[in-house]
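The values are calculated or read from the model by the stated rules, or taken from the named source; none is laboratory data. Remember, predicted model here, so these are calculated numbers, not experimental data. Here the Cβ positions follow ideal geometry from the backbone for every residue, glycine too, while neighbour counts run over all protein chains shown. SASA here: full protein model, heavy atoms, side chains in, ligands and nucleic acids out. Shrake-Rupley method; radii C 1.70, N 1.55, O 1.52, S 1.80 Å.
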Amino acid sequence: MHRSSTAFPQRLICAVLLAVLTVAVDVHAAAPALLFRIFLNDGGTLVSYGEFARVGDKVVFSVPVGDIATEPKLQMLTIAESLVDWERTDSYALAVRAKHYADTRGAQDYALLTGQVTAALNDIALTPDPKRRLVMAQEARRNLAKWPAANHGYKAADVAQLVSIFDDVIAELQVEAGGQFDLNLVATTLPPPPVQLLAAPDVRGSFELAYRSALLAAEPAERTALLRTLSESIAFAPRSAAWAAPLRRQIDAALAVELKTDNDYRSLSRSTLKSASSLAGRGDVEGLQALIARALGGDRVLGGKRPGEMAALLAALDMRLDEARKLKLARDAWAMRLDSIKEYRNRIASPVERLAGFRKWLESIRNLSGPEPRFLRPLAERARLAHLELMAVTAPAEAQPVHGLLSAALHMTRQAAELRMNAVSSNDIKLAWDASAAAAGAINLGERAIDELQRLLSSEPIR
């Protein structure tokens with residue numbers, strides 16, 4: 001006997017209605033803060049207030065201090081991920097998230113799901129084409145089967161029952177559509193047995209777990225900050241809390257050790273950097289290398305407890321060492337240049353002495369008072385020879401300006417002598433003034449050349 005096309009989903013609709021009624025009695029209490037547990041390889045546990053994060057080879061989480069049920073103080077902490085039993089930690093985290101989802105959105109989302117299933121069944125019932133009904137039922141079944149995995153396994157057993165009813169209906173629809181029974185659909189997988197969540201630690205447990213967390217901190221600054229928070233907070237524990245005094249002594253002792261270590265490393269850094277500045281200013285490369293070795297030795301004596309501070313100190317010392325190397329190279333180059341300048345001074349000593357000897361004759365030409373005509377031709381010839389002697393010398397780069405000034409001074413000396421001879425021979429006062437100007441230029445250029453040469457020879461080493 002042929003069955004009505006609207007009769008097939010009745011059992012499934014009843015099951016969905018039952019699911020909706022079941023959800024309706026769920027109590028929506030305010031969800032407490034998420035408390036995750038970090039299980040350690042040594043068997044211990046730490047508490048993370050809210051989600052923890054894996055960052056590289058570290059784990060970052062918030063440590064609660066005080067009454068977790070109210071508003072505990074929170075301190076960020078970093079530990080090495082190698083300390084963590086990740087299989088237990090990840091399983092527990094999934095259970096915490098599932099519990100939180102169930103306490104907050106689970107019932108609402110499940111009600112939405114059952115509403116969608118009911119609507120899908122109604123659509124299937126109203127569809128006249130058997131093959132189309134089959135396709136719609138299979139699609140609804142697939143979506144239903146995937147829902148628990150996407151929703152923290154919430155009501156996975158209930159969903160599995162609905163899926164099994166869908167399987168029966170789909171089997172009937174396949175026969176009705178003239179096909180073979182072939183359930184090639186998404187399989188439903190029940191979640192693993194739930195992990196038993198641990199109770200939130202009481203005030204004592206909070207302090208003890210936070211203290212243990214501090215001892216495992218990977219960052220010294222975070223350890224010190226957490227110990228300081230613990231020390232300040234435990235001071236307000238009631239006198240009746242017998243556990244507080246011994247724990248406070250442990251916390252304060254650990255904090256004292258950290259503060260002393262901080263001070264020791266500050267002293268090491270301060271004294272080392274002061275010495276480094278002095279050594280770098282002198283270009284003492286070997287002294288800086290020895291200072292770096294001493295700093296590393298000081299770190300070993302202190303137990304290597306502040307790798308971050310030492311990394312910063314060594315980076316600063318490397319910069320000082322680089323400065324010292326550059327300064328040493330510059331000073332060596334300066335010393336080499338100074339030697340070349342001294343050698344140049346010695347090689348031009350003769351033309352410089354000649355130029356100095358021309359001074360009295362040049363002053364006479366400048367003043368239009370002489371010298372006697374018989375001295376003018378020898379003056380011009382001697383200036384020419386002195387210039388040839390000067391040009392036979394190659395000046396170092398730093399002395400090129402000096403060389404140019406001396407060359408110009410000797411050239412103008414010769415010019416002054418020749419102009420004076422022409423002025424005398426022609427009795428031309430204009431030529432005499434031209435000779436005067438040339439003589440004045442020769443005197444001025446010669447003085448500038450000598451001054452510049454003395455400046456080069458007496459210049460201070462590069463600092």
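In terms of Cα to Cα distance under 15 Å, which aspartates and glutamates are near enough to K99, apart from those fewer than 8 places away along the same chain?
In chain and number order, the partners are D26, E51, D90, D109.
Would you please give the residues with an amide H less than 5 Å from that of K58, counting only those at least 5 places away or on a separate chain, with H modeled from the backbone geometry?
E81
Rounded to whole Hz and in sequence order, give me ³J(HN,Hα) for region 126-131 from the Karplus expression 6.51 cos²θ - 1.76 cosθ + 1.60, θ = phi - 60°, writing x for Gly and Pro.
Each residue's phi maps through the Karplus curve to give 8, 8, x, 6, x, 5 Hz.
Could you order the peptides 399-405, 290-296 from most to least packed, using the average number of other C-beta atoms within 10 Å per residue?
399-405, 290-296
At a 1.4 Å probe radius, carbon and sulfur cover how many percent of the accessible area of region 65-130?
The value for region 65-130 is 55 percent carbon and sulfur by accessible area.
List the lysines whose alpha-carbon lies under 18 Å from that of K146, not counting same-chain residues fewer than 8 positions away?
Filter leaves K155.
Can you list the HN-Hα couplings for region 424-434, worked out from phi with the Karplus curve (6.51, -1.76, 1.60; θ = phi - 60°), rounded to whole Hz and with x for Gly and Pro?
Once rounded to whole Hz, the list reads 5, 5, 9, 6, 10, 5, 5, 5, 5, 5, 4.
Hey, got a sec? Which trypsin sites (Lys or Arg not before Pro) in region 199-245 land in a DSSP loop and have at most 13 other Cβ atoms within 10 Å?
When the trypsin sites (Lys or Arg not before Pro) of region 199-245 are filtered for loop state and at most 13 Cβ neighbours within 10 Å, R239 remain.
Ignoring ligands, DNA and RNA, what percent of the 1.4 Å accessible area of region 417-462 is carbon and sulfur?
C and S fraction of accessible area: 54 percent.
Can you give the local net charge around L198? Use residues other than it whose beta-carbon is closer than 13 angstrom to its beta-carbon, Lys and Arg +1, Asp and Glu -1.
Its environment carries a net charge of +2.
Can you find, among T224, G357, P396, the residue farthest towards the positive end of the dipole of the chain? Put +1 on the C-beta of Lys and Arg, -1 on that of Asp and Glu.
G357
Using alpha carbons only, how many angstrom separate the centre of region 376-414 from the centre of region 292-319?
Rounded to whole Å, the Cα centres lie 60 Å apart.
Heavy atoms only, probe 1.4 Å: what % of the accessible area of region 299-392 goes to carbon and sulfur, would you let me know?
Answer for region 299-392 is 55 percent, counting heavy atoms of protein chains only.
Evaluate the charge dipole of region 337-463 about its Cα centre and quote only its size in Debye, nearest 20, assuming +1 on the Cβ of each Lys and Arg and -1 on the Cβ of each Asp and Glu.
I would put it at about 140 debye.
Using alpha carbons only, how many degrees (0 to 90, rounded to 10) separate the axis of helix 86-101 from the longest principal axis of the chain?
Long axis of 86-101 versus the principal axis of the chain: about 60 degrees.
Tell me, what ³J(HN,Hα) does each residue in region 48-57 have, in order and in whole Hz, if you take phi through Karplus 6.51 cos²θ - 1.76 cosθ + 1.60 with θ = phi - 60° and put x for Gly and Pro?
Along region 48-57, the couplings run 10, 7, x, 5, 9, 9, 9, 10, x, 9 Hz.
Just to confirm the number: angle between the C-alpha axis of helix 244-282 and the first principal axis of the chain, 0 to 90 degrees, nearest 10?
20 degrees
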